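FYI, it's all coordinate maths here, none of it is from the lab. Predicted, not measured: the structure shown is a model, and the values here were computed from it. Cβ sites come from the backbone with ideal geometry, for glycine too, and all protein chains shown count toward neighbours.
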Amino acid sequence: MQVVSPLAAAQPLWLVLVSNFVTQAIAYFTVVSIVYVVVWRWGRERFRRARIPTTARADRAQFRREITNTFVTLLLGMLSAGSVLALYASGRTRLHNNPTSPLAIAAWIVGALLFNDLWFYCWHRLLHHPRIYRYVHAVHHRSIDVTPFSSYSFHAVEAVLLGAWIVPAAIWLPMPMAALGALQVIGLANNVMSHLGYEFVPRWVLRVPLLRWTNTATFHSLHHRDLRGNFGLHSRIWDKLFGTELPDYERVFVTRSDDATTTRDERAE
Ligand SMILES: [Zn+2]
Ligand SMILES: [Zn+2]
């Protein structure tokens, strides 16, 4: 999701969109590169136990492909950003700048995330339909061993569909503008976390009533390993509700790469 500040509405639309694209691209590649260097390079041995088991390993060609696709995704994200900006300028959204308590802003963020999650879940399941999968969503799934650069590696059609949720949200939901900025940051963080390839969320999360239903790196990595389930973006809620959660999720989340990387000596202890 990409959002343009309505404060910039006095400038020509094309200028707002170009500067927004440049800002988005710089911010995205800075964050993802730092995460990659810290986790995948510096942490390669240090985080060995957090590595999520996978049936393939990322190579240079995958990284090149992911970076190219990401530019297309960011570019097409301007369509939804431009739509929200144009709708806001003509008074056709319910977005507002009225004073709102922090608690109300937090509630709007959670509500919008659930809406975004349901939007993603529905499109994602449709894109997995055997008749259309190979034409669009297969691009994202060429990455079996997901990397932080997989986060926005989509086919052009998917890039438009997944970013478009913000348009109905802006039209239907009377959200405070402050929530939009937070949603943008959370969306990016969640995408990178989902494609990290390493699991840093502690095992005890599964014992915490609300937290246990949030998405994890393991949850989405399993989707890339086995295309038949775990379609959610931010949570496990819709997969649980519609019976599409992969049955070994909690087991893999708890064991992580222990089985795959623990040495014989360590196992014997
Ligand atoms: Zn998928
Ligand atoms: Zn993915």
Identify the single condition in (1) over 19 Å from Pro53 (Cβ atoms); (2) in contact (Cβ under 8 Å) with a residue 12 or more places away in the chain; (3) not in a helix (DSSP H, G or I) that Trp238 does not satisfy, given that it satisfies every other one.
(3)
Checking Val157 against (1) without any contact (Cβ under 8 Å) to a residue 24 or more places away in the chain; (2) buried (at least 17 other Cβ atoms within 10 Å of the Cβ), only one condition comes out false. Which one?
(2)
Out of Arg134, Arg125, sole residue that is without any contact (Cβ under 8 Å) to a residue 24 or more places away in the chain and of a type in the set (D, E, K, R)
Arg134
Would you be able to tell me the number of residues in region 179-201 that are loosely packed, with under 15 Cβ neighbours inside 10 Å and away from ligand 2 (no atom under 16 Å from the Cβ)?
3
I'd like the residue in region 202-237 that is more than 15 Å from the chain's Cα centre (by Cα) and within 16 Å of ligand 2 (Cβ to nearest atom) and, out of all such residues, is surrounded by the fewest Cβ atoms within 10 Å (Cβ to Cβ).
Arg228
Would you mind stating whether Pro130 is farther than 22 Å from His195 by Cα and within 16 Å of ligand 1 (Cβ to nearest atom)?
yes
One residue from Gly77, Gly111 being within 26 Å of Leu15 (Cβ to Cβ), assigned to a helix (DSSP H, G or I) and either out of contact with any strand residue (DSSP E or B) (no Cβ under 9 Å at 6 or more places or on another chain) or of a type outside the set (S, T, N, Q) (or both)
Gly77
Being of a type in the set (Ser, Thr, Tyr), in a helix (DSSP H, G or I), under 17 Å from Asp226 (Cβ atoms) and more than 12 Å from the chain's Cα centre (by Cα) is the filter here, so list the residues in region 122-164 that pass it.
Tyr133
